[in-house]
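Some notes on the structure that comes next.
The values are calculated or read from the model by the stated rules, or taken from the named source; none is laboratory data. Not measured: the values here are computed from a predicted model. As a convention, Cβ positions derive from the backbone with ideal geometry for all residues, glycine included, and neighbour counts pool all protein chains shown. Side chains are part of the model used for accessible areas, which takes the heavy atoms of the whole protein and leaves out ligands, DNA and RNA. Shrake-Rupley method; radii C 1.70, N 1.55, O 1.52, S 1.80 Å.
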Amino acid sequence: QQQVKQSPQSLIVQKGGISIINCAYENTAFDYFPWYQQFPGKGPALLIAIRPDVSEKKEGRFTISFNKSAKQFSLHIMDSQPGDSATYFCASSNDYKLSFGAGTTVTVRA
Amino acid sequence: SQTIHQWPATLVQPVGSPLSLECTVEGTSNPNLYWYRQAAGRGLQLLFYSVGIGQISSEVPQNLSASRPQDRQFILSSKKLLLSDSGFYLCACPRGSGYGYTFGSGTRLTVV
């Protein structure tokens, strides 16, 4: 049973454009929502995370938007660069376990 | 900060052969430890987690088992590999600062 649903599966964006990835969750007990970035052949690395008591968090070109009532959150990558080409995973956590979305492969065209 | 070591980086094994993947953690003590599997083009599936030596919880029924013989050592094993065991295996532990996990560099297992 997938507790976190992520879309789209893949996207292509031009350099300088905006990439948007969406996630939805069911378990209202989740209290931590991170995004991970993974390059081919590497383990995922924490990119940015948010708690449900805030609606938005920004770190550089990466922004998380969080809608608690809709049980949805999204990652926006502004001014996308070729180095951002990677697979992005959203996740949700309660207690000490993370549940991951299926991932989105982002390709940034120069 | 923690460092997670996983080996080997890649492994090709025949069907029916045994498996042992090792994960060791530095920079923390008594961490929760996790084994995830990532199938090609798919998300991360939690296989096992451990809150201490000898304590293993299995998330999904499968052909694999896990053990934690030492505080900072986590081992993933199988007696007889199946084709469906192919995937990218990742070990993880909670980050020392804040929330979320630190992941190891993974082991790419191909069962042939």
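Structure summary
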read-out	value
Residue match in the range B:4-16 (condition: out of contact with any Asp or Glu (no Cβ under 6 Å at 6 or more places or on another chain), farther than 30 Å from residue A:23 by Cβ and among the polar types (S, T, N, Q))	yes
Residue selected from the range B:1-48 under the condition of a type in the set (Ser, Thr, Tyr), closer than 18 Å to residue B:67 by Cα and open to solvent by 60 Å² or more (accessible area, probe 1.4 Å), by the criterion farthest from the other protein chains (Cβ to nearest Cβ)	B:20
Residue list for the range B:70-85, filter: open to solvent by less than 40 Å² (accessible area, probe 1.4 Å) and over 20 Å from residue B:55 (Cα atoms)	B:81, B:85
Identity of the residue in the range A:1-44, without any contact (Cβ under 8 Å) to a residue 40 or more places away in the chain and surrounded by 13 or more Cβ atoms within 10 Å (Cβ to Cβ), that ends up farthest from the other protein chains (Cβ to nearest Cβ)	A:42
Every residue from the range B:86-112 that is at positive phi and either open to solvent by less than 50 Å² (accessible area, probe 1.4 Å) or modelled with pLDDT of 95 or more (or both)	B:87, B:100, B:106
Residue that is facing another protein chain (nearest Cβ under 9 Å), among the hydroxyl-bearing types (Ser, Thr, Tyr) and either within 26 Å of residue B:87 (Cβ to Cβ) or surrounded by 18 or more Cβ atoms within 10 Å (Cβ to Cβ) (or both), where the choices are A:105, A:63	A:105
Selected residue (criterion: modelled with the highest pLDDT) from residues of the range A:45-58 that are in a loop (DSSP other than H, G, I, E, B) and either open to solvent by 70 Å² or more (accessible area, probe 1.4 Å) or among the aromatic types (Phe, Trp, Tyr) (or both)	A:55
Condition broken by residue B:51, with the remaining ones in (1) open to solvent by 20 Å² or more (accessible area, probe 1.4 Å); (2) part of a loop (DSSP other than H, G, I, E, B) satisfied	(2)
Neighbours by Cβ (under 6 Å, 6+ apart or cross-chain): first from the range A:47-62, over 17 Å from residue A:93 (Cα atoms); second part of a loop (DSSP other than H, G, I, E, B)	A:61/A:78; A:61/A:79
Residue tally, condition within 14 Å of chain A (Cβ to nearest Cβ) and under 13 Å from residue B:21 (Cα atoms), over the range B:65-109	11
Residue match in the range A:67-76 (condition: surrounded by 20 or more Cβ atoms within 10 Å (Cβ to Cβ) and within 14 Å of chain B (Cβ to nearest Cβ))	no
